[in-house]
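Read the figures in this text as sums done on the coordinates, not as results from a lab. The structure presented is a predicted model; accordingly, all values stated were derived computationally and were not measured. Here Cβ is always computed from backbone atoms with ideal geometry, including for glycine, and neighbour counts include all displayed protein chains.
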Amino acid sequence: MMNRRGLIGASLVGSAMIGAKAPRAEAAAEGSVKLEGPCVISTWDFGVAANQAAWAVLSKGGRALDAVEAGARVPEQDLKNHSVGRAGYPDRDGHVSLDACIMDELGNCGAVAALEHIAHPISVARKVMEKTPHVMLVGAGALQFAIEQGFQYEELLTPDSKAAWEAWKKDAKYQPKANSEVGDYGKTSGQLGTPGGANNHDTLGMLAIDAKGDIAGACTTSGMAWKLRGRVGDSPIIGAGLYVDNDVGGATSTGVGEEVIRNVGSFLVVELMRQGRSPQDACREAVERILKKKPQAKAIQVGFLAINKQGEVGAWAIQSGFSYALCDGRKQDLLLPGKATYQAAS
Ligand code: ASP
């Protein structure tokens with residue numbers, strides 16, 4: 001059964017409607033949000049600020065790859081964001097460990113996983129892509145590479161995140177809690193609303209199209225709060241957390257990464273778009289695939305966000321509360337709820 005909140009707003013069609021009050025969307029056409037020219041989209045409400053940084057690059061004719069790196073760095077340095085970058089919630093043992101990947105229009109890609117002490121994993125991922133023959137570096141090796149590349153070694157555990165971890169340790173139960181309502185972050189503020197975290201995992205997944213029509217993507221997260229040390233989710237894995245094919249479009253994901261990895265989610269979305277499915281329909285199919293294989297996944301959150309070569313945007317999530325931010329030459333701060341496929345028990 002559809003969740004009403006999840007249906008609001010995804011029916012905007014064309015420039016006249018972008019930014020207008022969203023109508024009820026029962027009759028909405030699939031994949032009907034269309035951006036024009038250079039554009040960027042991101043997961044969650046903190047994507048609004050990330051998009052604005054990306055737009056500063058795109059609006060000057062910059063490359064999509066530069067735009068997504070600039071955008072991803074915004075939540076990475078936001079001390080109020082506890083699910084990405086510096087100030088991310090730590091693992092079970094108190095280590096902040098970060099995952100990120102980046103992919104360009106040529107299919108080049110780079111990634112880091114379980115990277116500690118470096119505040120901008122997305123920029124390290126780009127260096128892996130550009131300076132090494134590899135795609136992914138992890139853990140101590142990723143840190144060593146980052147230091148060699150001139151990145152600064154820092155303590156990433158902030159007093160707020162440390163306090164949340166200390167509070168969690170009293171019960172020490174590992175229980176993913178996703179954004180369950182739009183507004184957990186204070187809508188467009190990009191800030192967690194509840195001290196200690198109303199939610200304890202999210203990701204900035206970003207896709208951009210530049211003036212040449214080239215597509216690039218970036219994905220960055222601190223992963224699941226209180227995870228086992230060494231746990232890596234979907235976000236740094238090309239094909240799972242992010243995939244770009246310049247002939248077709250791009251996709252990214254957020255939510256419990258284990259379920260996304262099992263279904264190679266972002267690659268699946270892009271392949272479905274290649275077969276002619278709209279971005280929204282492709283995202284929905286990827287969510288349905290997860291639920292079909294594992295019905296108990298309806299209790300957790302996974303969301304996909306996609307854009308095709310024509311600038312059509314779509315999203316779909318298991319739970320209501322998933323939102324995504326859109327930006328093009330007409331509007332730089334539009335936030336829409338992603339559609340939900342599952343009515344969460346209230
Ligand atoms: N996908 C991320 C992970 O599993 C977390 C999230 O986006 O909620 O690490």
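Which of the aspartates and glutamates could a cross-linker bridge to LYS298, judged by Cα under 15 Å and excluding same-chain residues fewer than eight apart?
GLU258, GLU259, GLU285, GLU288
Once fully extended, how much extra length lies between LEU291 and GLU155, figured as 0.36 nm per residue of separation less the alpha-carbon to alpha-carbon distance?
Full extension of this stretch gives 45.1 nm more.
If the reach is capped at under 23 angstrom between alpha carbons, list the lysines near LYS34, excluding any in the same chain fewer than eight residues apart.
LYS21, LYS60, LYS187, LYS212, LYS309, LYS331, LYS339
Along Cα→Cβ, 7 Å out, is where each label goes; now give me the distance between the ones at GLN77 and TYR174 in nm to one decimal.
3.3 nm
Got the relative contact order for segment 307-346 handy, in percent, Cα pairs under 8 Å and 6 or more residues apart?
Once divided by the residue count of segment 307-346, the mean separation gives 42 percent.
Within segment 111-149, list the GluC sites (Glu not before Pro) lying in a DSSP loop whose Cβ has at most 11 other Cβ atoms in a 10 Å radius.
Passing both the DSSP loop test and the Cβ count: no residue.
Between GLN275 and ASP93, what is 0.36 nm times their sequence separation minus the Cα-Cα distance? Round to one decimal in nm.
Length gained between GLN275 and ASP93: 61.1 nm.
Apply 1/(1 + (r/R0)^6) to the Cβ-Cβ distance of GLN310 and LYS162, taking R0 = 45 Å, and write down the FRET efficiency to the nearest 0.05.
0.45
Per 0.36 nm of contour for each residue apart, how much would the distance between LYS131 and GLN144 grow if the chain were fully extended, relative to their Cα-Cα spacing?
So the chain would gain 3.3 nm between LYS131 and GLN144.
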